[in-house]
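J.: Structure in structure tokens, see below.
The values are calculated or read from the model by the stated rules, or taken from the named source; none is laboratory data. Remember, predicted model here, so these are calculated numbers, not experimental data. Counting neighbours? That spans all protein chains shown, and the Cβs are built from the backbone with ideal geometry, glycine included. Just so you know, the surface numbers come from the protein's heavy atoms only, side chains and all, with ligands and any DNA or RNA stripped out. Shrake-Rupley method; radii C 1.70, N 1.55, O 1.52, S 1.80 Å.
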Amino acid sequence: LVIIKLIDKGCFGLVYIAESILDKKLYAIKIENMNSPKAILEQEALILYTLKGFGIPEVISFGHSGKYNVLVQTLLGKSLQQIWSENNGRINLKDLCKIAIQTIDRIEHVHSRLYLHRDIKPSNFVLGNPDDSIIYLIDFGNAKKYRSSRTGKHIQTFKNNKLSGTLLFLSVNSMKGKQQSRKDDLESLGYMYIYLAKGNLP
């Protein structure tokens, strides 16, 4: 792979577009310093393998290069946040209903595999590339299992939990420092729909 350009960066690391030397196909590459206290790529790769399915980015490979963790996955298109911005901070009701159907399906799939996403927001839902009729759910750096696959036991609810997610879309319980569960992902989805339709949240 040959790196073409940087497309995103944050506390997690850097994301690049890269081109395959063999077939010229484009991919997304996430890179982080493996010695960083916030290193999450290995965990995210494992979660993506577990969640593999429709509307979830495909992991092409994961490995190490020098002191870096490297995750190669399918290159996707515009996020709902970008589309919202291009439409002057509004998405019409018809399109929002189409978005709601797909985004609820994505969360249902994640929950069926015993995981919470815990960072629901417009920038974490992106269109496919080149098929922009499919919405993908991305960024599982904050994802967490809510039920043991071995025992079936649900995680315990407790207070004074560290906030996880994007403040604007956090559920009420999350804001109170309570452990998140499936209902919190769904509540955040509701806030996201209001944001996309109205242009803001109270």
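J.: Exactly one of (1) within 15 Å of Leu51 (Cβ to Cβ); (2) free of Cβ contacts under 8 Å to residues at least 24 places away in the same chain; (3) in a strand (DSSP E or B); (4) not hydrophobic (A, V, I, L, M, F, W, C) is unmet by Gly63. Its number?
T.: (1)
J.: Please state which of the following conditions His109 fails to meet, knowing it meets all the rest: (1) more than 21 Å from Lys183 (Cβ to Cβ); (2) touching a Gly at 6+ places or on another chain (Cβ under 7 Å).
T.: His109 satisfies all of (1) more than 21 Å from Lys183 (Cβ to Cβ); (2) touching a Gly at 6+ places or on another chain (Cβ under 7 Å) except (1).
J.: Continuing with this model, one more query. Just to be sure before I move on: is Asn200 at pLDDT below 90, out of contact with any Cys (no Cβ under 9 Å at 6 or more places or on another chain), among the polar types (S, T, N, Q) and surrounded by 10 or more Cβ atoms within 10 Å (Cβ to Cβ) in the structure I sent? Walk me through it before giving the result.
T.: Working: at pLDDT below 90: yes; out of contact with any Cys (no Cβ under 9 Å at 6 or more places or on another chain): yes; among the polar types (S, T, N, Q): yes; surrounded by 10 or more Cβ atoms within 10 Å (Cβ to Cβ): no.
So Asn200 fails the test.
J.: Can you tell me which residue in region 1-40 is least open to solvent (accessible area, probe 1.4 Å), limited to those that are over 24 Å from Leu116 (Cα atoms) and charged (D, E, K, R)?
T.: Glu19
Quick grid of which residues meet (1) open to solvent by 20 Å² or more (accessible area, probe 1.4 Å); (2) more than 20 Å from the chain's Cα centre (by Cα); (3) in contact (Cβ under 8 Å) with a residue 12 or more places away in the chain:
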{"residue": "Asp139", "(1), (2), (3)": "yes, no, yes"}
{"residue": "Lys144", "(1), (2), (3)": "yes, no, yes"}
{"residue": "Thr157", "(1), (2), (3)": "yes, yes, yes"}
{"residue": "Lys178", "(1), (2), (3)": "yes, yes, yes"}
{"residue": "Gly190", "(1), (2), (3)": "yes, no, no"}
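Residue-wise test of (1) out of contact with any helix residue (DSSP H, G or I) (no Cβ under 8 Å at 6 or more places or on another chain); (2) at positive phi.
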residue	(1), (2)
Ala28	yes, no
Leu41	yes, no
Gly55	no, yes
Ile60	yes, no
Thr103	no, no
His109	no, no
Phe125	no, no
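J.: Here's a follow-up. Could you please give the count of residues in region 41-54 that are farther than 20 Å from Arg106 by Cβ and either among the hydroxyl-bearing types (Ser, Thr, Tyr) or surrounded by 19 or more Cβ atoms within 10 Å (Cβ to Cβ) (or both)? Give the steps one after another, and end with the answer.
T.: First, pick out the residues of region 41-54 that are farther than 20 Å from Arg106 by Cβ: 41-42.
This time we only want the ones that are either among the hydroxyl-bearing types (Ser, Thr, Tyr) or surrounded by 19 or more Cβ atoms within 10 Å (Cβ to Cβ) (or both), so: 41.
Number satisfying all stated conditions: 1.
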